[in-house]
Amino acid sequence: MPTLSVVVPCYNSADYMSHCLDTLLTGGDDVEILVVDDGSRDATAQIADDYEARHPGIVRAIHKPNGGHGSAINAGLAVAQGEFLKIVDSDDWVDAPSFAALLETLRGFIAHRTLIDMVVSNFVYEKVGKKNKTAVRFRDVLPTGKAFGWDEVGRFGKRQYLMMHSLVYRTALLRDAGLRLPEHTFYVDNLYAFEPMPHVRRMYYLDVDLYRYFIGREGQSVNEEVMISRLDQQLRVNRMMMRHLPRRGTVPDGLARYMSHYFEIICAVSSTLSVRAGTAAALDRKDALWDDIREWDPELYWRLRRRMLNLVMNLPGKPGRQVTVLAYKAAQKAVGFN
């Protein structure tokens, strides 16, 4: 059994997927690389087959009709044989020394029969044209060098949340949780990093800058203009996350606090994109989201609205929307996202 399965969702990825796969191959035969061709219309399928032919037993090409990012992850998870599982998007890559450190850590858990549900590591925004890259680290929030539970997790800052890029799950945990992401939907990486959390009991933080998150490709799903054009899908995922929020008192306090924090950030993103869209319809959809949150959980609604992030993102009237845009641009410049 491989130590780690890496699922690489690919759609029309021919121009950049080789760099991603080459960095993963540094893991040797301890890594199973599942290249999922999601109905691509370029040379992606051929490149996947070529890598499989050159690296038998390590790379496996999976071909399927187009179903979107979530569908590709589902397909990889269904056949993964590794003890642990990670998702690496085809335009991103991993840092080789950090990847070696991750594999050594995972091998140690297996050898000593240490049950770890989730490993967290850092990620770096590799934004085109930005000289100083922003790394998102968790050393001030998570214990380092030991297994821990939610009772030892600190309070995350506004820039800190456990995106898909940070996570390695135990494969069996995802299957036991019944994770199945929606098809033909963008931004499901938020569900991947959110829905399984109540099933996570023991964690480990590996303080290395493993994942390199590429930002700046034209047409990329996180491009601001693209995100605004897909606002309906952003709002759909936002509502799906809402329905996976645990009720207070049903999970450890640290977990409830973290999931509320992550949900707050996604609500702020949805609200800001609605304002950036600048149409009456988009603003109505923002208000409808907040109405749904209030109906779902009035206490959560007021708790979120009182917090500074969503207060700024929901100031009334045109002056309020201008403040929202200014706050968003400041964060965009500081962090380097979009």
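The values are calculated or read from the model by the stated rules, or taken from the named source; none is laboratory data. These numbers were taken from a predicted model, which means no experiment stands behind them. All Cβ positions, even for glycine, are placed from backbone atoms using ideal geometry, and neighbour counts span all protein chains on display. Only protein heavy atoms, including side chains, enter the accessible area calculation; ligands, DNA and RNA are left aside. Shrake-Rupley method; radii C 1.70, N 1.55, O 1.52, S 1.80 Å.
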Pairs, first more than 27 Å from P198 (Cα to Cα) and at pLDDT 95 or above in segment 93-117, second assigned to a helix (DSSP H, G or I) and of a type in the set (K, R), C-beta under 6 Å, six or more apart: none
I266: open to solvent by less than 10 Å² (accessible area, probe 1.4 Å), in contact with a strand residue (DSSP E or B) (Cβ under 8 Å, 6 or more places away or on another chain) and at pLDDT below 95, yes or no? no
Would segment 62-70 turn up any residue that is over 19 Å from the mean Cα position of the chain (by Cα), surrounded by 17 or more Cβ atoms within 10 Å (Cβ to Cβ), under 23 Å from D15 (Cα atoms) and in contact (Cβ under 8 Å) with a residue 24 or more places away in the chain? yes
Against the definition (open to solvent by 40 Å² or more (accessible area, probe 1.4 Å), within 24 Å of the chain's Cα centre (by Cα) and among the charged types (D, E, K, R)), how does D22 come out, yes or no? yes
Looking at segment 287-301, I want the residues that are under 16 Å from S260 (Cβ atoms) and without any contact (Cβ under 8 Å) to a residue 24 or more places away in the chain and have a partner that is open to solvent by less than 40 Å² (accessible area, probe 1.4 Å) and not charged (D, E, K, R) with Cβ atoms under 6 Å, at least 6 apart or on another chain. Which pairs are those? R294/Y301; Y301/I293
Scanning segment 118-153 for residues that are part of a loop (DSSP other than H, G, I, E, B) and at pLDDT below 95, which turns out nearest to D89 (Cα to Cα)? V128
Which condition number does S40 fail, the rest of (1) surrounded by fewer than 22 Cβ atoms within 10 Å (Cβ to Cβ); (2) out of contact with any Phe, Trp or Tyr (no Cβ under 8 Å at 6 or more places or on another chain) being met? (2)
Can you tell me which condition L231 does not meet? The list is (1) at pLDDT below 95; (2) open to solvent by 20 Å² or more (accessible area, probe 1.4 Å), and all the others hold. (2)
